[in-house]
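Every number in this text was worked out from the coordinates using simple rules, so none of it is lab data. The model shown is predicted, which means the values in this text are computed figures rather than measured ones. FYI the Cβ positions are ideal-geometry reconstructions off the backbone, even for glycines, and counts take in every protein chain you see.
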Amino acid sequence: MVHAPFAKTINASAMGAKIAGKSHSKSFPTAAYETTALKWILKCCPGLPRSPVQKLFRLRQVRRESIAMEVSDDGCQVQKIKVKRLGAKDSLNVGDRILLPISVREIPEEKQEHHCTNEESNFIRSLELYKDPAIIVLNKPPGMPVQGGIGIKWSLDELAATWLCYDYSEPPRLVHRLDRDCSGILVMGRTQTSASILHSIFREESLGASKQDFDDEKRVLQKRYWALVIGSPRRPKGTISAPLQKVVVDDGKSDRITVFDNYKIMSSQHAITEYRVIKTSSHESTNFEYTAEVLGTPIVGDYKYGWQAHRRLQNLAESDLRKNLNKKASKGNMLPFGLDMEGGSISDKRLHLHLHCREMILPNVSKALQNPGSFSDDDLLKLKSLEIVAPLPSYMQKSWDILDS
């Protein structure tokens, strides 16, 4: 193994913000990284696997207990204990206490090792779309979760840590996520430094969306999804602007993102999506570059948001639709890890989700890290972009071909 090729003295968050054009500081401080809540828990509880701990943060089940000084009615200063939700990337202050749910006792302390066959390891490496010293980009298959957790046998982050390190001494790290049934471009940082820079870029672009700053010329990070949806919107193209919020469901076992009516709630995050209809069809489906819940055009295969629409599309009673959903794929079509990308097109009774992260444009972080001291603020803003395109999964391509015929 070799060590990471990039210096850890770089303030990765500051560099990422500069690349995104959101920071105006003159230099990169070389101070050590601040300790985040996730890092502190993993350091204090080395027996806990990383993925289940990350899931606790995603489900908003981690709390911070801190002491604050307040002035009482008689003018005296008194200590007050405050307990608030804590994010994985939140920095800690001296004296803070982290509170974990009792369910953490159920997490096995020793990480279960999964031994892949040659076919499985070759399949993981076949997902690579692009690789350089800083990042690795995969074409995520539908049906495979990105992150592990309780009850998940295989996850892409764990498999990447085993088979995609190559000669590096550290595993690639996720910088964003795709839903389990979604397919397409997934970017991972190959080192802690490059992952932190990409985290900062993704975060700054999300904040820019919240401020309705979505001019293509200003965006250094662009994502394009392709989707097949039921029905057609009133306009062939437009912009969706809606507040989104994570909602915990299934008694805390999972979560979902949904449109939230009260945009003033601080926990909601504003999302802006530009969509364009590529093609309409007499089959009551529409080819979309991207769509959203607010358009009233559910994505084919998304039974969570479009149950009734699928019943009408397939002309089935609710009981028959449930039977189709519970049918298992033919073993003859199965890929490694039990994945099925052949079945699930619009010609089949059991539909897979037709949502695919097709294209992504992002800054060439590797170029900036080759010699960071030589890059001025203007140089970072003018970094050449990487343009990544991910082929459609087989079942989506089949649906496209059917609609074209």
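Quick notes on this one:
- Residue 222-residue 179 pseudo-label distance in nm [points 7 Å out on the Cα-to-Cβ vector]: 2.5 nm
- Cα→Cβ-extended label distance, 7 Å offset, between residue 115 and residue 99, nm: 4.4 nm
- Under 5 Å between amide hydrogens, built in the peptide plane, is the criterion, and for residue 129 it picks out 137, 138, 139 among residues at least 5 positions away or on other chains.
- Nitroxide proxy distance, nm - points 7 Å out along Cα→Cβ at residue 192 and residue 370: 2.6 nm
- The peptide list 86-97, 353-364, put in order of mean Cβ contacts within 10 Å with the highest first, becomes 353-364, 86-97.
- Members of 89/153; 131/304; 43/80; 153/304; 18/304 lying beyond 30 Å, as alpha-carbon distances in this model show: 131/304; 18/304
- Interchain or long-range residues, amide H under 5 Å from residue 302's placed H: 354
- Zone residues, segment 41-57, relative to residue 165, backbone N less than 17 Å from point 7 Å out along Cα-to-Cβ: 49-51
- For residue 184, nonlocal amide neighbours, meaning residues 5 or more places apart or on other chains whose placed amide H falls under 5 Å from its own, are 140, 357.
- Pairs exceeding a 25 Å alpha-carbon distance, out of 55/349; 84/223; 39/82: 55/349; 84/223.
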